[in-house]
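Below: one structure in structure tokens.
The values are calculated or read from the model by the stated rules, or taken from the named source; none is laboratory data. Being a predicted model, the structure only gives us computed values, none of them experimental. Heads up, the Cβs are rebuilt from the backbone with ideal geometry, glycines too, and the neighbour counts pull from every protein chain shown.
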Amino acid sequence: MLFVLYCLDRPDSAELRQANRPAHLAWAKAQSGIRMAGPMLDAEGEGMVGSLFVIEAEDRAAIERLHASDPYVHAGLFERVDIHPFRWLLGTPPGE
């Protein structure tokens with residue numbers, strides 16, 4: 001099953017994000033279930049303000065465990081995190 005993981009950064013946390021970005025990227029590249037991921041940007045399209053993932057996993061509990069292992073979570077970067085089941089409708093999912 002696919003899930004969307006929507007993570008919004010705390011205000012004024014750009015330095016915290018940058019300091020933990022190398023560890024976060026290494027973590028993300030090691031996760032086999034991530035089908036799409038990237039930073040969400042501010043209105044100008046320049047500064048990073050959050051992260052968006054589409055992840056394949058057995059259930060929500062697996063997503064919660066995966067998210068808990070993210071270095072950004074350990075650093076306290078996120079102000080808000082939403083997890084929702086997701087059905088791919090348009091476009092071509094990776095691997096198809």
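Can you tell me which residue within region 69-96, out of those that are of a type in the set (D, E, K, R) and part of a loop (DSSP other than H, G, I, E, B), is farthest from the chain's Cα centre (by Cα)?
Here the answer is E96.
So, D70, is that one charged (D, E, K, R) and touching a helix residue (DSSP H, G or I) at 6+ places or on another chain (Cβ under 7 Å) or not?
yes
While we're on this one: Residue check: is E64 over 11 Å from the mean Cα position of the chain (by Cα) and touching a residue at least 40 places away in the same chain (Cβ under 8 Å)?
no
How many residues does region 16-68 contain that are part of a strand (DSSP E or B) and among the small types (G, A, S)?
The number of residues fulfilling the criteria is 4.
A follow-up question, please. List pairs: first residue in region 19-41 and among the aromatic types (F, W, Y), second residue surrounded by 13 or more Cβ atoms within 10 Å (Cβ to Cβ) anywhere in the structure, Cβ distance under 9 angstrom, at least six positions apart or on different chains.
Between residues of region 19-41 that are among the aromatic types (F, W, Y) and residues that are surrounded by 13 or more Cβ atoms within 10 Å (Cβ to Cβ), the close pairs are W27/D70; W27/P71; W27/Y72.
Tell me yes or no: at least one residue of region 83-93 is on the phi > 0 side of the Ramachandran plot, modelled with pLDDT under 95 and of a type in the set (G, A, S).
Yes, region 83-93 contains a residue that is on the phi > 0 side of the Ramachandran plot, modelled with pLDDT under 95 and of a type in the set (G, A, S).
Working only within region 21-51, note down all residues that are among the basic types (K, R) and exposed (fewer than 14 other Cβ atoms within 10 Å of the Cβ).
Scanning region 21-51 gives a single hit, K29.
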